[in-house]
Structures are given as structure tokens and as C-alpha cells.
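The values are calculated or read from the model by the stated rules, or taken from the named source; none is laboratory data. On a predicted model such as this, the values are computed, not experimentally measured, just so you know. We place every Cβ from the backbone using ideal geometry, glycine too, and count neighbours over all the protein chains shown. Only protein heavy atoms, including side chains, enter the accessible area calculation; ligands, DNA and RNA are left aside. Shrake-Rupley method; radii C 1.70, N 1.55, O 1.52, S 1.80 Å.
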Amino acid sequence: ADAKSISSDDETGNYIRTGEIGKILEETGGVNVLAFNACLMQMAEALSELKKGANVIVGSEEVSFAPFFNIWVASLSENPGLTDEELGALIVDAYIYIYKLKMEAGHALPHGVALSAVRASKIEGLYPLVSDFAKLAMETGDAEALKKAKEGALRFDLLPDADPKKEISYYGDLYQFADLLGKNLTGTGEKIAALKLKIEELKKYISE
């Protein structure tokens, strides 16, 4: 299957590419809440294809665990009056709570548990912020701060055997990368000041 795909069918060889998910949603009229039981789907790259197909998108930046879909169905059936955002938040809270109980009971997990809900209406506004942030980061030329941010940012489980410390995994957390960069900037001047302001703007946008 294509490296950027989900829902692979071992019998027929069919699968859905990332770009095709948005087309499917568009052709079927979209959904209120789109919940992924596939791993590594809550990425900016994937979200860019889905911004017009759902109101709320629930997924994981990490490798997701199988019981997630059961939580999603139970949350929906037991709380039919929730808004899209309330349902998305409930799914996330229930997922994290269940695995917190599992860990407290002594069940070992191969990595951390992550799930988040994103307002699709905010996806479009993320990309100009990221573009401005990247441009300013390059213009300041603080290689040491960039190196520390790259090395310290949380990584996600793509190469569990070859990369147990997650030092070379392809996917990293944008919020933490920006935060670490800001904390390690040492220079002064207008460009540094502008970058620091942009970092805080980006972090606030991601959080809200």
C-alpha cells in the first residue's frame, strides 16, 4: 500500500490515500464528527485534506490502540444530545481515562497514549501561522536553538525498533518544537522579537 494511506485491504490490495479522504467526505456531504481509528492521523498534513469535510476531527498523533472505536460508539449512543465539540472532547477524555486506569492497574503500554479533537474551522488558519513561523525561524539563523528544539521535541512512534528513544522519528509535535525554540533563543533584535511573538501566537492558536 501507499506509505500515506489508511484502511488497507489485504485481500484486494485496495487502500485510501490521505488526499482521497477529503474527496470521499466532499462527495458524500461531509460529517459532523470524523473519528480516526488509524494511527498517526492527527497531523497537519492529513488535516489539510479534511478541513471541509467535518466539523470536528478526532485522531491520534501516536499509534492508536484498538478499543478506541468502542469508546467513540459508546460516547455517541449514551450522549445523543451533545454538540459536535462536546462529543469530540468526551471521546478524548474517555480514551485517556481508560488507558490511565489500565496503566494504574499495571498494564504495560509500548508508548504513550495520545488523542485529540480539532475544530475543522481552525485548520485553514494554521498554515499561514506555520509559514510565518518557519520563515522567521530561518531568518534569525539561530542554529543552536533550532538544534535544541529539533532534538527535544516530542516524537511519535514510527520506528519503534530502530528508534526506541524517538530521536529520528519523522513526526514531531509542532507546539513543543516552537516552545523549545522560543526558550532557547539567545539573540536580540527585531527578528528575534518578531519570532518570539509569532511563537506565542502559534502556540495559542494550537491550544485553543
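Here are the numbers for the structure shown:
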read-out: Positions within the stretch 159-203 being open to solvent by 50 Å² or more (accessible area, probe 1.4 Å) and either of a type in the set (Phe, Trp, Tyr) or under 16 Å from residue 44 (Cα atoms) (or both), in sequence order; value: 170, 171, 174, 175, 176, 177
read-out: Scope the stretch 16-28; condition open to solvent by 70 Å² or more (accessible area, probe 1.4 Å) and either in a loop (DSSP other than H, G, I, E, B) or modelled with pLDDT of 85 or more (or both); matching residues; value: 23, 24, 26, 27, 28
read-out: Close pairs from the stretch 24-45: first of a type in the set (Phe, Trp, Tyr), partner buried (at least 19 other Cβ atoms within 10 Å of the Cβ), Cβ under 8 Å, at least 6 apart; value: 36/6; 36/42; 36/57; 36/58; 36/59; 36/60; 36/64
read-out: Breaking point among (1) free of Cβ contacts under 8 Å to residues at least 60 places away in the same chain; (2) touching a helix residue (DSSP H, G or I) at 6+ places or on another chain (Cβ under 9 Å); (3) small (Gly, Ala, Ser), for residue 77; value: (2)
read-out: Odd one out for residue 5, checked against (1) in contact with a Cys (Cβ under 8 Å, 6 or more places away or on another chain); (2) among the small types (Gly, Ala, Ser); (3) modelled with pLDDT under 80; value: (1)
read-out: Any pair with Cβ under 9 angstrom, 6 or more apart, that starts in the stretch 91-108 at a residue that is under 25 Å from residue 79 (Cβ atoms) and ends at one that is assigned to a helix (DSSP H, G or I) and open to solvent by 80 Å² or more (accessible area, probe 1.4 Å); value: 91/76
read-out: Yes/no for residue 31 being under 20 Å from residue 90 (Cα atoms) and over 17 Å from the mean Cα position of the chain (by Cα); value: yes
read-out: Complete set of residues in the stretch 46-65 that are part of a loop (DSSP other than H, G, I, E, B), open to solvent by less than 20 Å² (accessible area, probe 1.4 Å) and touching a residue at least 60 places away in the same chain (Cβ under 8 Å); value: 50, 53, 62
read-out: Selection within the stretch 137-152 - surrounded by fewer than 19 Cβ atoms within 10 Å (Cβ to Cβ) and either small (Gly, Ala, Ser) or within 23 Å of residue 207 (Cα to Cα) (or both); value: 141, 143, 146, 148, 150, 151, 152
read-out: Residue list for the stretch 83-134, filter: more than 17 Å from the chain's Cα centre (by Cα), open to solvent by 60 Å² or more (accessible area, probe 1.4 Å) and either among the acidic types (Asp, Glu) or farther than 29 Å from residue 165 by Cβ (or both); value: 83, 86, 104, 128, 131, 132
